[in-house]
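To start, the structure itself, in structure tokens.
The values are calculated or read from the model by the stated rules, or taken from the named source; none is laboratory data. Since the structure is predicted, the reported quantities are computational estimates derived from the model, not experimental observations. Note: ideal-geometry Cβ built from the backbone for every residue, glycine included; neighbour counts use all protein chains shown. Accessible surface areas use protein heavy atoms only, side chains included; no ligands, DNA or RNA. Shrake-Rupley method; radii C 1.70, N 1.55, O 1.52, S 1.80 Å.
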Amino acid sequence: MKKLMFLGAMLVLALSSCQKDKDQVKSKNSVNAVSTADLVVPKDFDWKTTRLTTLRIEASDAMFTGKRPIVIKTENDRLILSRHVGMNEDVDIQFELPIAYKQIKVEYGAITKLVDVNNGMASFDFVPVANEERIMDDSENPQPEVELIKVDEE
Amino acid sequence: MKNLILSLTTVLVASLSVNGAVTENFNHGSECYSWMNCWAFCNVDVRSRSYGCNPANESPMAQTSQLQGWWGCYSTAKLYSPYVSFDGTGNITFKHKLSSTSGKYRYLQAYLIDDQGNLGQKIFHHTYIYRYNKPNGNPTDVITDTIPVTWTGVYRVKWYWIGYGGYSRGVIDDISIDGIYASDPWDWCRPTNPCPDADNDGCCDADDAYPNDPSKCDNYYEPSKDTYNTIAYEDQWPYSGDYDFNDKVVDRYSTYGLDNNGKVIDVTHKIFLRAGGAGYHNGFAINMPDLVSSDIASVTGAVNPEDYTVLNANGTEAGQSSAVVIVWEDWVDIITAWGNGSYFNTEPTATPGTADTVTIHITFSSPQELSDMTFDPFLIKNGLRNTEVHLPWFGPTDKADLSMFNTGQDDSDLNGPGNNYVNSANKPWAIYTPVQTFDYPIEKTDIVLAHLKFAQWASTNGASFPDWYLDLPGYRDNTKLY
């Protein structure tokens, strides 16, 4: 009986080895295919190269209530869409995006962000990221009356 | 007249602003949120510290750096409000203090900055410490100050700390400015400008892609502005071809006009036939499966002199349950020069031919959702209106003869969740390159030999090389591309 079980186990192993080899051949054939007819394509592959993508714009409590254009660009700065939005409204913008793109650039005038795209979803808010340019410097203007308050000699 | 312009300007500025008080309590805890409302900082940041102005709940406040000074020079720190439109009434109120009594000199002043960024009048001065003395009491006690607004016009307020010696910081919180918010975060926080809007559609002329058309403000470009992408076909359906995907190579660039709510008013498709590596007299059409014919007001630009298609009065194809637009009935009708090859622009040694760009303009009956603009381009095989060739993830229109499905090599799954227009090994009759125009294989050259990552993309269910169509190192055999 033990011998029979051992032989059975060996047979299963041998068959599974054959299956693995067959898969490897298939995979190799697909990668090095010399014709599309040779290709092994998964039955559920849909051949799509774009995906309907939603950019969710999150409303803020900004005091500015006008509408201004928000601009969506590809990572390499190609313009996809421009749309007027207010800073106080939640907005979903849907558009086709190549599946190969993992990020989009979103610009709201002075506020620019590179946004990740995951499974057709991306989000943007109006809160600027830390940026040295937003630190004001009016040094070119007349300076306040510092000279009237002299530092005493020690 | 000047008064009229001034009044209009005031109205327009007010329309972009908020009436009442401009406030900031820093309770969001981040400079970034303050920046969003056009507050600005220099040697000041937002923190939650035990020496804040609201110690009971320790809510965040703005604090300066340590105002130590160096080598006989003062340290300074600045906080700027957004631009505010003042009318000469109301007050500016705020809480302030020092973090400790340490220091030889400590002052807080406030100034107005005009709409050109120039320093204006001084409106406030407080001395915390003068030569180690505290002339106004303990500087670590919270002081609530009020500045009466006696001026009119658009200004931002600048708080200015000056210090020397020691390590105490300036602290400020709970600022309230009576006036109308007048900064534009979109425009680098400059004062809100008058916003001429010739077509009165709510979009300023300067930002309006259609400044004289009240129905439209913006555009959506597919694939992107001034860029074409490509649909490439094998046209033998339901029989497999040679997979050179050049039987018809059609480039497309679409511009969707959007209203001020982002809905689609119209679309212009520019369609260009780049190659015809087969002899069938194929037509080309666009199905919009999420729309019906009545959603469309008009279609212009179709090339259909062959008269085998029947159109509704609005230019869509008759007898369809979805909106179908014929672009051309026979590709031969748009060729302007044939070249000298056996085929049209697929043989590298032949003189190239040329074709017209067909411009289809579709106006919708009412504003449509952008998500309903599904673009399903298909070939009409050899002038036979009952035979269509679609991309794999689309189905046939009502004009297709369904009895032809699952004949030849076709293995479409018309009633199931699978692809249509694929064979039993899930190979398609059409592919779509989304980013740019497709560099297609030369005549009778299989696509896997020309685009070297195509096979890995398809065999890995799209996981590897989703950008197989790009011109990247190792991606192509250029000798096999037209």
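Here are the numbers:
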| read-out | value |
| --- | --- |
| Computed over segment A:50-129: relative contact order in percent, which uses C-alpha pairs under 8 Å that are six or more apart | 40 |
| Cut-off 18 Å, label 7 Å out along Cα→Cβ of B:Leu311, residues of segment B:322-347 by amide N | B:322-335 |
| Accessible surface ranking that places the most exposed of B:Ser254, B:Ser65, B:Ser424 first, with a 1.4 angstrom probe | B:Ser424, B:Ser65, B:Ser254 |
| Accessible-area order (highest first, 1.4 angstrom probe) of the listed residues B:Tyr220, B:Tyr132 | B:Tyr132, B:Tyr220 |
| Buried solvent-accessible surface, both chains (A, B), 1.4 Å probe, Å² to nearest 100 | 7300 |
| Qualifying aspartates and glutamates (Cα of each under 15 Å from Cα of B:Lys95; at least 8 residues distant if same chain) | B:Glu24, B:Glu58, B:Asp141, B:Asp145, B:Asp173, B:Asp174 |
| Mean accessible surface per residue for the protein assembly as shown, computed with a 1.4 Å probe while every protein chain stays in place, in Å² | 43 |
| Nearest 10 degrees, 0 to 90: helix B:2-15 Cα axis against chain B principal axis | 80 |
| With DNA, RNA and ligands ignored, accessible area of B:Trp39 (1.4 Å probe; Å², nearest 10) | 10 |
| Label-zone membership for segment B:265-308, site B:Thr357, 7 angstrom Cα→C-beta point, backbone N under 18 Å | B:267-275, B:300-303 |
| For B:Tyr482, distant residues with modelled amide H under 5 Å away | B:Tyr440, B:Ile442 |
| Estimated D of the protein assembly as shown in µm² per second, where Rh is the Kirkwood radius over Cα pairs and Stokes-Einstein applies at 25 °C, 0.890 mPa s | 83 |
| Normalised contact order of segment B:218-400, rounded percent, pairs of Cα under 8 Å and 6 or more residues apart | 24 |
| Charged-residue dipole, Cβ positions (Lys, Arg, Asp, Glu), segment B:346-482 about Cα centre, Debye nearest 20 | 240 |
| B:Gly339 long-range amide H proximity, modeled H, under 5 Å | B:Thr354 |
| Nearest-10 value in Å² for the accessible area of B:Glu222, using the 1.4 Å probe | 10 |
| For B:Ser412, distant residues with modelled amide H under 5 Å away | B:Asn406, B:Tyr421, B:Val422 |
| Diffusion coefficient, µm² s⁻¹, Stokes-Einstein with Kirkwood Rh over alpha-carbon pairs of chain B at 20 °C and 1.002 mPa s | 76 |
| Protein accessible area in segment B:218-400, 1.4 Å probe - carbon and sulfur % | 47 |
| Nearest-10 value in Å² for the accessible area of B:Tyr421, using the 1.4 Å probe | 0 |
| Between segment B:414-461 and segment B:313-382, the Cα center-to-center distance that results, in Å | 21 |
| Sum of -39500 (n - 2.57) over DSSP H runs of 4+, divided by residues of chain B (222 nm, nearest 500) | -1500 deg cm²/dmol |
